[in-house]
Amino acid sequence: MSAGAGGAVPLVTVRAPRGARAAGLLRGTGPAGLASAAVIAVAAVVAVIGPLIAPYSPVSANLALEFVGPTAGHPLGFDFEGRDVLSRLLAGAQSSMLGPLAVVAGSLLLGTALAVVAAWRRGAVDAVISSGLDIVFAFPGILLAVLAAAVFGAGLTAASVALVIAYTPYVARVLRGAALRERGQPYVAALEVQGAPATAICLRHIVPNIAPLIVAQTTIMFGYAMVDLAAVSFLGLGVQPPAPNWGVMISENQIGIPQGYPLPALAAGACIVAVVIAFNVLGERLFEQARAAR
């Protein structure tokens, strides 16, 4: 970075962004973190290619095969309408993962923007943003999602938008503190003296320096978003049958549990539990690493 006019301002060496350390944090999460990352990677791959590798149609029903148990060609058996459970699990991974991804992306962008603006401007702007976040905190995310789906129609869109609004305060509250610490660092003052625009300082330095915390918070939040959207689908307000979705599969096949055919519902529930636990464990490990690195 060049010196100021007439050389009055000395050359400033800005700290290397900690965002570059984010990849290294994963290696420090230990065996549990690496195992969780592997589970997440497998789930992500299945979400992308699941509909392509499903051995049978996930929506074609055959009532003659209702709740038929596992066979050689159908290792997880059939559901309450005689559809192949494995095919529905593979195809349903896409909507089960895509919804939470949209929620996390939306709340991450909005929450990070609010946190950085509040930390940079401070004063009255910080107070207004914090008060607004406190108001949103009063409404549980799942309640907003259910109300949105009930008012605007069943489907993932309304529920996802409601969860973005509900999750934004959690992101903003955590990142605001980190952004405030970065705002008070000497390198920020040096950049301001040299005439660097506020937007450039925030986007090129403050946000990258809190990137590990952003990654950790995002990872934890994904698991909660998956549970909430699965609950909405379970209630019949999310993904609509016969479209495959893990939450829908639990709702449809719960009638088989008292009849002695729990596998279709349990298989979908196990997928949700495995992915949520993996995201929570990895997120907690990343959060500990990010906090230790500060």
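Among 151, 207, 128, sorting on how many other beta-carbon atoms sit within 10 Å of each Cβ, with the fewest leading, yields 151, 128, 207. Ellipticity at 222 nm from helices only: DSSP H runs of n ≥ 4 in the chain, each -39500 (n - 2.57), divided by the residue count, give -22500 deg cm²/dmol. When 147, 86 are arranged by Cβ crowding within 10 Å, least crowded first, meaning fewest neighbours, the order is 147, 86. Entry note, the chain: relative contact order of 26 percent, from Cα contacts under 8 Å with a spacing of 6+ residues.
Think of each Lys and Arg Cβ as +1 and each Asp and Glu Cβ as -1; about the Cα centre, that makes the dipole of segment 154-242 roughly 160 debye. Where does helix 263-293 land angle-wise versus the long Cα axis of the chain, in degrees 0 to 90, nearest 10? Taking Cα atoms only, the helix is inclined about 10 degrees.
Counting only alpha carbon atoms, the long axis of helix 141-152 and the longest principal axis of the chain meet at about 70°. Using R₀ = 45 Å, calculate the FRET efficiency as 1/(1 + (r/R₀)^6) where r is the Cβ-Cβ separation of residue 27 and residue 68; round to 0.05. With R0 = 45 Å, the Cβ-Cβ based efficiency is 0.45. Ranked for footprinting exposure by Cβ neighbours inside 10 Å, fewest first, 167, 187, 224 give 187, 224, 167.
Rule-based calculations on the coordinates, nothing more; no lab input. Fair warning: this is a prediction, and the values are worked out from it, not measured in the lab. Backbone-built Cβ (ideal geometry, glycine too); neighbour counts: all protein chains shown.
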